[in-house]
Amino acid sequence: MAADPDFDTKNGIIEGETPPHTELSALYKQSFAYYTFRVRLPATLATIAASLVKDKVDLLATYGAVSSADIEQTTEAVTKLREDILNNGPLLPFEGKESDTEVWNSFLEKLPAEKRSYFSACWLYSECYMYRKISDIFHATSHLSTFDYFSEQKQTAAKLSLDTMLAVAKSTRTNERNSDTFRQLIKLNLWGNRCDLSITSGKQVKPTGNAFDQVKDLEEKLLIDGTADIWKALDGASSEGIVDIIFDNAGYELYTDLILAEYIIDKGLAAKVRFNVKAIPWFISDVMEHDYHWTLRFLAEQPDPVLSELGKKWQRLTEEGKFELTPLEHFWTSPYEFYRMPEVNPALYNRLKEAQLVIFKGDLNYRKLLGDFSWDYTESFETCLRGFRPSNLCTLRTVKADLICGFKKGVAENLFAKNKEWMLTGEYGIIQFASK
């Protein structure tokens, strides 16, 4: 489908950047949201449609000959969704019977009429809607409702990371309980967030080199370092406590999540680490329950004994309840910002209050913590959380979207002087902490 040369004029696109203290949206042509809906998301949908055609034989072998019509149906529906986005179509109510349908439709109903299309709505709402819409397309079929259309990409990402995984495993078997080691592992976990398939529209990102050397080399790229405060919060807390991790990406990043969680358990910083996964395929590479179990099996089956023993150890920690997958929670795949959690899902908010630390991973979780809003770069993290303080919390994020807060005066200006697109590259990272 050729791009419409009159698209901007027809849809009231504003030539310029997102104004201060405004919702981020694709309405502003110089925003990353505009590029996302004109280029990145259509590319993601084209990849899904192409993979359904390419993998049809394998799908028929798995789901049976009766799934042939479903494969055609989903391919057509995904292609139509791509066209809807490229034409700035409306955000229509969902018709399925999934447990979150009513929540989504209630949310959509409350949006102002002039903000119910892909480019006019808040970027966060529109992008989450698209991924929920893909899920809806597959759920509408008789035979492909459980198919994870991102699974192969996630598994490939893990396989490409084996050398780095092995090196990290060998470097972390004799760790001490101290601030320096913990802070190194947090930073390792941060930079693991660079491997994000949603940013590359599914193109693989292979981690290379010595991961701990890179942590040192990337120190100047770490723009905010709250690791000392995170250590104090955990080191001074009960060894019988709980840490919650809100997962982001499968593959290498998930591996570094588990390396950090293992350290927390082994060194008595908590008695349990709870993992929060996505209920549906989400932003290409987000962790679902089956990705977690697949990763542990994948490691346990490796010929190298270091990785094999590590995989088996993590399986054992899971069986013992020291690693725990929380019940599936659709709030994580809703359009809601986190400050609305006490109102929309008080049970989840109360569960997070049980933890002595909640770790939010990645760019989308950061966007949901702040809301897709053009805060002043010097605004405090605590202010931008808008009252969301269930417990001590931190965010580990490589910067891949044009919103940020917590800077000292002049920092953002210096970064823009070096590279006007510094917020979109994943080159920089932040680790921010807020006490309860």
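The values are calculated or read from the model by the stated rules, or taken from the named source; none is laboratory data. Note that this is a predicted model, so its numbers are computed, not measured. Heads up, the Cβs are rebuilt from the backbone with ideal geometry, glycines too, and the neighbour counts pull from every protein chain shown. Note: areas computed on protein heavy atoms with side chains; ligands, DNA, RNA excluded. Shrake-Rupley method; radii C 1.70, N 1.55, O 1.52, S 1.80 Å.
Output the residues belonging to segment 160-196 that are open to solvent by less than 50 Å² (accessible area, probe 1.4 Å), of a type in the set (S, T, N, Q), in a loop (DSSP other than H, G, I, E, B) and over 20 Å from Gln302 (Cβ atoms).
Asn175, Asn193 - these are the residues of segment 160-196 that are open to solvent by less than 50 Å² (accessible area, probe 1.4 Å), of a type in the set (S, T, N, Q), in a loop (DSSP other than H, G, I, E, B) and over 20 Å from Gln302 (Cβ atoms).
Listed here are the residues, each with its yes/no results for (1) under 19 Å from Glu253 (Cβ atoms); (2) over 22 Å from the mean Cα position of the chain (by Cα).
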| position | (1), (2) |
| --- | --- |
| Leu328 | no, no |
| Pro335 | no, no |
| Lys353 | no, no |
| Ser380 | no, yes |
| Arg397 | yes, no |
| Asp402 | no, no |
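Within segment 402-432, how many residues turn out to be more than 14 Å from Leu223 (Cβ to Cβ) and either buried (at least 20 other Cβ atoms within 10 Å of the Cβ) or of a type in the set (Val, Ile, Thr) (or both)?
So the answer is 1.
Quick one: is Leu24 farther than 24 Å from Phe150 by Cβ and not polar (S, T, N, Q)? Don't jump to the end; show me each part of the working.
Values: farther than 24 Å from Phe150 by Cβ: yes; not polar (S, T, N, Q): yes.
Here the answer is yes, as Leu24 does meet what is asked.
If we keep just the residues of segment 325-363 that are part of a helix (DSSP H, G or I) and among the hydroxyl-bearing types (Ser, Thr, Tyr), which is most open to solvent (accessible area, probe 1.4 Å)?
Narrowing segment 325-363 to residues part of a helix (DSSP H, G or I): 330-333, 338-344, 346-353, 362-363.
Now narrow it down to the ones that are among the hydroxyl-bearing types (Ser, Thr, Tyr): 333, 339, 349.
Values: Thr333: 0, Tyr339: 78, Tyr349: 32 Å².
Among those that are part of a helix (DSSP H, G or I) and among the hydroxyl-bearing types (Ser, Thr, Tyr), it is Tyr339.
Which residues, taken from segment 136-145, are touching a residue at least 24 places away in the same chain (Cβ under 8 Å) and touching a Phe, Trp or Tyr at 6+ places or on another chain (Cβ under 9 Å)? Quick ask: steps written out before the conclusion?
The first filter runs over segment 136-145 and keeps only residues touching a residue at least 24 places away in the same chain (Cβ under 8 Å), leaving 136-144.
Across segment 136-145, the qualifying residues are Asp136, Phe138, Thr141, His143, Leu144.
For segment 373-383, state whether one or more residues are touching a Cys at 6+ places or on another chain (Cβ under 6 Å), of a type in the set (Asp, Glu) and open to solvent by 20 Å² or more (accessible area, probe 1.4 Å). Even if it seems obvious, please write down each step before you answer.
At the first step, the residues of segment 373-383 found to be touching a Cys at 6+ places or on another chain (Cβ under 6 Å) are 375, 379, 381.
Still in the list and also of a type in the set (Asp, Glu): 379.
Filter once more, keeping what is open to solvent by 20 Å² or more (accessible area, probe 1.4 Å): 379.
Yes, some residue in segment 373-383 is touching a Cys at 6+ places or on another chain (Cβ under 6 Å), of a type in the set (Asp, Glu) and open to solvent by 20 Å² or more (accessible area, probe 1.4 Å).
Among helices (runs of 4 or more DSSP H) lying entirely in segment 18-135, which contain 3 or more residues that are free of Cβ contacts under 8 Å to residues at least 40 places away in the same chain and out of contact with any Phe, Trp or Tyr (no Cβ under 7 Å at 6 or more places or on another chain)? Give the steps one after another, and end with the answer.
Details: elements: 32-35, 41-54, 56-63, 68-86, 101-110.
Where helices (runs of 4 or more DSSP H) fall fully within segment 18-135 and carry at least 3 residues being free of Cβ contacts under 8 Å to residues at least 40 places away in the same chain and out of contact with any Phe, Trp or Tyr (no Cβ under 7 Å at 6 or more places or on another chain), they are 41-54, 56-63, 68-86, 101-110.
Checking Met288 against (1) touching a Pro at 6+ places or on another chain (Cβ under 8 Å); (2) closer than 30 Å to Leu415 by Cβ; (3) surrounded by 19 or more Cβ atoms within 10 Å (Cβ to Cβ), only one condition comes out false. Which one?
Evaluating Met288 over (1) touching a Pro at 6+ places or on another chain (Cβ under 8 Å); (2) closer than 30 Å to Leu415 by Cβ; (3) surrounded by 19 or more Cβ atoms within 10 Å (Cβ to Cβ) leaves (2) as the failure.
Would segment 284-293 turn up any residue that is within 23 Å of Ala167 (Cα to Cα) and without any contact (Cβ under 8 Å) to a residue 12 or more places away in the chain?
For segment 284-293, residues within 23 Å of Ala167 (Cα to Cα) and without any contact (Cβ under 8 Å) to a residue 12 or more places away in the chain: present.
Among the candidates Phe94, Phe32, single out the residue that is within 16 Å of Ala121 (Cα to Cα) and touching a helix residue (DSSP H, G or I) at 6+ places or on another chain (Cβ under 6 Å).
On the way: Phe94 fails: within 16 Å of Ala121 (Cα to Cα).
So the residue among Phe94, Phe32 that is within 16 Å of Ala121 (Cα to Cα) and touching a helix residue (DSSP H, G or I) at 6+ places or on another chain (Cβ under 6 Å) is Phe32.
Scanning segment 74-86 for residues that are touching a helix residue (DSSP H, G or I) at 6+ places or on another chain (Cβ under 8 Å) and more than 21 Å from Trp104 (Cβ to Cβ), which turns out most open to solvent (accessible area, probe 1.4 Å)?
The first filter runs over segment 74-86 and keeps only residues touching a helix residue (DSSP H, G or I) at 6+ places or on another chain (Cβ under 8 Å), leaving 74-75, 77-79, 81-82, 85-86.
With more than 21 Å from Trp104 (Cβ to Cβ) added as a condition, the list becomes 75, 79, 86.
Values: Thr75: 27, Thr79: 57, Leu86: 23 Å².
Top of the filtered list is Thr79.
State all residues of segment 197-214 that are surrounded by fewer than 16 Cβ atoms within 10 Å (Cβ to Cβ) and either in a loop (DSSP other than H, G, I, E, B) or modelled with pLDDT of 95 or more (or both); if no residue qualifies, say none.
At the first step, the residues of segment 197-214 found to be surrounded by fewer than 16 Cβ atoms within 10 Å (Cβ to Cβ) are 203-204, 206, 208-210, 213.
Listed by number, the residues that qualify are Lys203, Gln204, Lys206, Thr208, Gly209, Asn210.
For segment 166-183, state whether one or more residues are basic (Lys, Arg) and within 26 Å of Thr333 (Cβ to Cβ). Break it down stepwise before answering.
Of the residues in segment 166-183, the ones basic (Lys, Arg) are 170, 173, 177, 183.
Narrowing the set further to residues that are within 26 Å of Thr333 (Cβ to Cβ) leaves none.
The answer is no, given that none of the residues of segment 166-183 is basic (Lys, Arg) and within 26 Å of Thr333 (Cβ to Cβ).
Is there any pair linking a residue in segment 215-238 that is farther than 13 Å from Leu190 by Cβ and at pLDDT 95 or above to one that is surrounded by 17 or more Cβ atoms within 10 Å (Cβ to Cβ) and of a type in the set (A, V, I, L, M, F, W, C), with Cβ under 6 Å and at least six apart or on different chains, and which?
Note: pairs meeting the criteria are Asp229/Phe433; Trp231/Phe182; Ala233/Leu357; Leu234/Leu269; Leu234/Leu357.
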